[in-house]
Structures are given as structure tokens and as C-alpha cells.
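Peer 1: Please read through the structure below; I'll follow up with questions.
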Amino acid sequence: MAAREKAVVLSSGGLNSAVLASIASADFEPAMLHVRFDHRAAEKEHSLFTQQADFFEARHRQIVEMPHLAALSTSARVNRKKQIEDVLAIAEQDNNCYIPGLVGSLVQAAITWAAELNATRIYLGVSENLGPPGPRTGGVFPDYAREHAQLMQHLVEVALPRRRVVLETPLIELSRSEIIKLGRRLHSPFELTWSCFSSGTEPCGGCLGCATRNRGFLEAAAADPLMLQSAQH
């Protein structure tokens, strides 16, 4: 049996990452890459990344430390002196949760590893608009926008001129509820995911990550296993 081509899957340990890995695993051998940057949910996401990598039986997995993101940014996601904004207070291009350069740093790390593994794909789980109750995601986080993904694809082509490596963004046009519906069809491990910008044993419920997740499961007419786990404790 011929070996499958490898795909580097950027994984935060979040809901989108679980669906992304499900998509990639259907056609490629997933090489799962996680970046730690000393943000509030770092330990939780690290743990869930490891569990997702086990779930997808990823033989290749890598964890990269990028402390410069926290050292250089004043975002509330890394600056614990700031309060993370409630979803209803967030405005496009005016919020304290954005870390400029984050997605570009992730893709750069994936380019390096893809070259080492001879991978032919890089999977990135950004969505332009996860949907209400928050504003358009690409407005809050400009590096989630389609234009940024297109520039990143060009960057991949320039960085790896003798290889054919494609940057895949299969969730770019999907809302959170559509991502959840897709994940259910693919049997993605939603119980091994975290969406909250904060740390803790339970989600805060008010940040952009929590709000879009809660609304997404509601619109998908599905139960969130994370909420079920919380209710049992």
C-alpha cells in the first residue's frame, strides 16, 4: 500500500481545528502542528491538541513555542491585566483581542515543517465570518479574511518554489453552525475542543469564541458536549 501524502494541519485544539483535521485526514496523513504563545488558554489548548492528535493517530506532531507574540503584543489574550471584551462590546477593527501577525506566524512555521516532511498541503482553519452574535470575524481579526489567505498562499509558493504546496482553507466561507454541521457528519471530536479565550475549567460564556460556539450549536440544533460535561460536574 502506497504511503499517503502528508498535510501539515495547524491546530489550536479548538473546534475549527477538530473539523479541519477531520477534513485533512480523509485524503492525507495529518502532521499536526500546534503553536504556544503564552496566551490565557495556552495550557488548555495544549492539552486538547495532544488529545486531538491522539484521536487522529497523527504519527507526526509538533509543538512550537512563539513567546515573541506575547512579548510584543498588548492584546488581552496575552496581557492578563486587560479584561477580554464581551462579545457585545466588540467592534470591527476596534477590539483588544486581536494579535497582529498571529496567523502569518502560524503559516510560516507550517511552511518550514512542510518542507522538512515533503508535505503537499498546509491546512489552516480560519473562517471569514463565524456569524452572530459577534461582528464579521474577518473584521475583528483581519488575518482571518480571504485576502490574507490568498496572500499566504502566494507566500507559500514563493517560499517553496521547487515544491507544489497548497494552502487549504476549507472553512473560510462557513459560519460556525455550518462548521459544526460538517463536523458532525465527519464525526469530529467536539468533546476534545476549547473555544474560550480565557483559561479555566469552564468556558467564560461571554467572549467571542464562546458566543459563536454557543450560537453555532444552537443553530445546528446540536448539543455541545463541552456544556454537557460542565452540567455533569
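Peer 1: Being more than 14 Å from LEU48 (Cβ to Cβ) and either touching a residue at least 12 places away in the same chain (Cβ under 8 Å) or under 15 Å from the mean Cα position of the chain (by Cα) (or both) is true for just one of THR193, THR169. Which residue is that? Walk me through it before giving the result.
Peer 2: Numbers: THR193 fails: more than 14 Å from LEU48 (Cβ to Cβ).
Unique residue meeting the criteria: THR169.
Peer 1: Could you check segment 24-47 and list, in sequence order, the residues that are part of a helix (DSSP H, G or I) and touching a Leu at 6+ places or on another chain (Cβ under 7 Å)?
Peer 2: As a first pass, look at segment 24-47 and keep what is part of a helix (DSSP H, G or I): 24-27, 42-47.
None - no residue of segment 24-47 is part of a helix (DSSP H, G or I) and touching a Leu at 6+ places or on another chain (Cβ under 7 Å), so the list stays empty.
Peer 1: Could you check segment 109-149 and list, in sequence order, the residues that are surrounded by fewer than 18 Cβ atoms within 10 Å (Cβ to Cβ), farther than 23 Å from ASN214 by Cβ, in contact with a helix residue (DSSP H, G or I) (Cβ under 9 Å, 6 or more places away or on another chain) and touching a residue at least 40 places away in the same chain (Cβ under 8 Å)?
Peer 2: ALA115, THR120, PRO142 - these are the residues of segment 109-149 that are surrounded by fewer than 18 Cβ atoms within 10 Å (Cβ to Cβ), farther than 23 Å from ASN214 by Cβ, in contact with a helix residue (DSSP H, G or I) (Cβ under 9 Å, 6 or more places away or on another chain) and touching a residue at least 40 places away in the same chain (Cβ under 8 Å).
Peer 1: For ARG61, work out the one condition from (1) under 15 Å from the mean Cα position of the chain (by Cα); (2) surrounded by 15 or more Cβ atoms within 10 Å (Cβ to Cβ); (3) modelled with pLDDT of 95 or more; (4) of a type outside the set (A, V, I, L, M, F, W, C) it doesn't fulfil.
Peer 2: (1)
Peer 1: Under the condition of being surrounded by fewer than 20 Cβ atoms within 10 Å (Cβ to Cβ) and in contact with a His (Cβ under 8 Å, 6 or more places away or on another chain), which residue from segment 28-49 is farthest from ALA18 (Cα to Cα)?
Peer 2: Checking each candidate, the answer is ARG36.
Peer 1: Among residues belonging to segment 172-214 that are charged (D, E, K, R) and crowded, with 20+ Cβ neighbours inside 10 Å, point out the one that is nearest to GLU43 (Cα to Cα).
Peer 2: Here the residue is ARG213.
Peer 1: Search segment 53-68 for residues that are within 23 Å of GLY183 (Cβ to Cβ) and pair each with any residue that is surrounded by 12 or more Cβ atoms within 10 Å (Cβ to Cβ) and at pLDDT below 95 when their beta-carbon atoms are under 7 Å apart and the residues are at least 6 apart or on different chains.
Peer 2: none
Peer 1: With respect to the numbered conditions (1) surrounded by fewer than 21 Cβ atoms within 10 Å (Cβ to Cβ); (2) part of a helix (DSSP H, G or I); (3) touching a strand residue (DSSP E or B) at 6+ places or on another chain (Cβ under 7 Å), which one is the sole condition not fulfilled by MET152?
Peer 2: (1)
Peer 1: Looking at segment 64-97 only, could you name the residues that are surrounded by 15 or more Cβ atoms within 10 Å (Cβ to Cβ), among the aliphatic types (A, V, I, L, M) and under 29 Å from THR50 (Cα atoms)?
Peer 2: VAL64, MET66, LEU69, ALA70, ALA76, VAL78, ILE84, VAL87
Peer 1: Tell me which residues, restricted to segment 187-221, are aliphatic (A, V, I, L, M) and within 25 Å of ALA145 (Cβ to Cβ).
Peer 2: LEU208, ALA211, ALA220
The values are calculated or read from the model by the stated rules, or taken from the named source; none is laboratory data. Because the structure is predicted, anything quoted here is derived from the model rather than measured. All Cβ positions, glycine included, derive from the backbone under ideal geometry; neighbour counts span all protein chains shown.
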